[in-house]
Every structure is written in structure tokens, then in C-alpha cells.
Amino acid sequence: MILSAEENAWILDEFIDTLWLEDGLSRNTLDSYRRDLQKYANWLRESQQKNLLEADQGDMQAFLADVVITQKAKATTSSRLISSLKRFYRFQYRQGSISKDPSLQVSPPKLPRTLPKSLTEAEVEVLLHAPDITTILGIRDRTMLELLYASGLRVSELVGLEVAQVGLNEGVLRVMGKGSKERLIPVGEVALDWLGKYLGGARLEILSGQITSKLFVTKRGAGLTRQMFWYLVRHYSKLNNINKNISPHVLRHAFATHLLNHGADLRVVQLLLGHADISTTQIYTHVARERLKSLHQKHHPRG
């Protein structure tokens, strides 16, 4: 039976609302779940003349094969799709909407644990000095870059910051991360100095009398979006011939990598990044191992 667009949307809405209520997932994550499930629903309707609640294991495997072979999707894409489908069908089985979970025997591909792209400390310095600080927007952009590198925030956390979350006197940020979990992040003197300059002048000039609680703002009186900041990072990297595929997330990785290079403990980095599980942070153990080797060679008499 083919469901109407309204019925299909209701099924997805119920699932997405439950995810939000139970796990407090971000809007970006919820949108990702919806896109994956809508893609599968479209494929089922066109290829199998079925709806999401009628699909079986064979349908799911055929869909994944189509994604990999026809659309040449990467293993990471397949893994994310499987994760979305498993979560959806576990929910439907729990609700009694289906009598059997079709995703039980479907396993995600094994993904290699690779170190994220990063920047050298010299490259970070070049990027940080790229904005024109003789302008109010340049001061804003420099402050954002300095704060991102100093704190390791996710880009959504950075653009979502409100003025009340900044403790200039205490030297900390109060950040609401994934799953609505709050964490306090210390900020270095350089980033704090730029925050003070920005809050004391540039922000007020940019707003020109408009009022908003957002920390980083545009001349329209709104907060910067993730897409806008992503564009700024790419713009400044190209401006200075940093020949890497730069994104705000790369600065987060640089923050973690450089902390470890200078002797930080992996669990401290875990807390600062807001990783719920140390296994997520362990992708950086390669950096820690290389530093230990270097220290051993430098200081051991037989090194």
C-alpha cells in the first residue's frame, strides 16, 4: 500500500519528535535522519511499491546495494543510512507498528579509523591573521577564528553562542552541546582579549541599535549561520593560499591535535571537545603516540 505524502510525513514526524524528546538531538542531526528516511521511502515507493512500514530485510539490502553501486556512495554514507534505518525500525517495533524489525540482520560496513584533517600551527597563525582588523567585520571574524581555535567548539556551538554564555571575568564559555549537555570551556588570554574588543565596540557598531542575544551578529541584526561562517573560513584560507580543504571543523581538529602535541591528556581533550565517550576521542591517539615516540627519542639515553 502506498502511503500519501501526508501519511508518510506523519510517520517521520512522530519518529523525529521522539528522537528530539528522548535524546535532545540537534536540529542538524534530526534533519539528517529525516533526509535518510525520506530517501529510503522514495526508493521503496518507486522501486518496490511499498511504504516504510511494509519494507523487509531484502528491500533494505537492495536499497543499500543501489546506493553503493548506482550512486557510488562512500562507506561513511552507507553506514549513516543504516544507522538511521536501524533507529527508525527499532522505534516502530517498540511502538507495535511492525511485527518484525527488518534491520536486525543488516550490519554497517567497517569504517577505517582515520585521523581528521588538521592544520599546522603555522597555518593556523596565517588563518587567524587573515581578517582585516581595521574593519568592524574583520574584528568579528578574527574573534570567531580565535575563539574557535582556543576552545575547539563545534561550529553549531560557536554560531549559537549568546552573550550571556561568555564569562569574560572568569575566562570561560558556558556551552550547550549535543544532547543538551552543558560544559564549561576555558578560553585563553588571546581569545578573551579579542572577545573584549569585539563586545566593547565592533558588535555594537555592527548591530547599529538593533537588539539580539546572539554573540556573533550580522548587519541585519541576526546571528551568523553555520553556512556563513563556513564561507568565511574558506574565503580566508584561499586568500592566504592555504592549499587544504578548510572548514570550521578543521580548526576544531587543530585545537585537539595541538593540545595533544603540547602534552594534554586525552581525557582532558575529551571533556573540552564534549565527546560523550572516550572512544570518539581516541581517534587522536595517533597524535599522542607520535609525541611519546618523539619524547622518548629526545630524552632517553638509548633513544
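What the table shows:
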| read-out | value |
| --- | --- |
| Any hit, region 234-245, residues being of a type in the set (Val, Ile, Thr) and within 25 Å of SER26 (Cα to Cα) | no |
| Test: residue in region 176-184 that is buried (at least 20 other Cβ atoms within 10 Å of the Cβ), of a type in the set (A, V, I, L, M, F, W, C) and not in a helix (DSSP H, G or I) | no |
| Residue check for ARG45: among the basic types (Lys, Arg) and within 21 Å of the chain's Cα centre (by Cα) | no |
| Count of residues meeting criterion [within 23 Å of the chain's Cα centre (by Cα) and acidic (Asp, Glu)] in region 174-233 | 1 |
| Top-ranked residue of region 186-224 - restricted to ones that are assigned to a loop (DSSP other than H, G, I, E, B) and at pLDDT below 90, ranked as surrounded by the most Cβ atoms within 10 Å (Cβ to Cβ) | VAL187 |
| Selection status of SER156, modelled with pLDDT under 90 and touching a Ser or Thr at 6+ places or on another chain (Cβ under 8 Å) | yes |
| Where a residue in region 45-65 is more than 12 Å from PRO102 (Cα to Cα) and its partner, wherever it lies, is crowded, with 16+ Cβ neighbours inside 10 Å and aromatic (Phe, Trp, Tyr), with Cβ under 7 Å and at least six apart | PHE63/TYR40; PHE63/TRP43 |
| Matching residues, region 32-74, being among the small types (Gly, Ala, Ser) and under 16 Å from TRP10 (Cα atoms) | ALA41 |
| Every residue from region 40-69 that is in a helix (DSSP H, G or I) and either in contact with a Ser or Thr (Cβ under 9 Å, 6 or more places away or on another chain) or β-branched (Val, Ile, Thr) (or both) | TYR40, GLN57, ASP59, MET60, ALA62, PHE63, LEU64, ASP66, VAL67, VAL68, ILE69 |
| Residue selected from region 225-251 under the condition assigned to a loop (DSSP other than H, G, I, E, B) and at negative phi, by the criterion modelled with the highest pLDDT | THR225 |
| Pairs, first touching a residue at least 40 places away in the same chain (Cβ under 8 Å) in region 72-86, second in a loop (DSSP other than H, G, I, E, B), C-beta under 7 Å, six or more apart | LEU85/SER103 |
| Condition check for ASP31: out of contact with any Phe, Trp or Tyr (no Cβ under 8 Å at 6 or more places or on another chain) and either modelled with pLDDT of 90 or more or assigned to a loop (DSSP other than H, G, I, E, B) (or both) | yes |
| Candidates LYS100, LYS72, filtered to the one that is assigned to a loop (DSSP other than H, G, I, E, B) and modelled with pLDDT under 90 | LYS72 |
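A quick yes/no check of all residues on (1) surrounded by fewer than 16 Cβ atoms within 10 Å (Cβ to Cβ); (2) at pLDDT 90 or above:
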{"residue": "ILE2", "(1), (2)": "yes, no"}
{"residue": "LEU19", "(1), (2)": "no, no"}
{"residue": "SER26", "(1), (2)": "no, no"}
{"residue": "TYR40", "(1), (2)": "no, yes"}
{"residue": "GLN57", "(1), (2)": "yes, yes"}
{"residue": "SER78", "(1), (2)": "no, no"}
{"residue": "LYS86", "(1), (2)": "no, yes"}
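The values are calculated or read from the model by the stated rules, or taken from the named source; none is laboratory data. Given the structure is predicted, the values throughout are model-derived calculations rather than measurements. Virtual Cβ from ideal backbone geometry, glycine too; neighbours counted across all protein chains shown.
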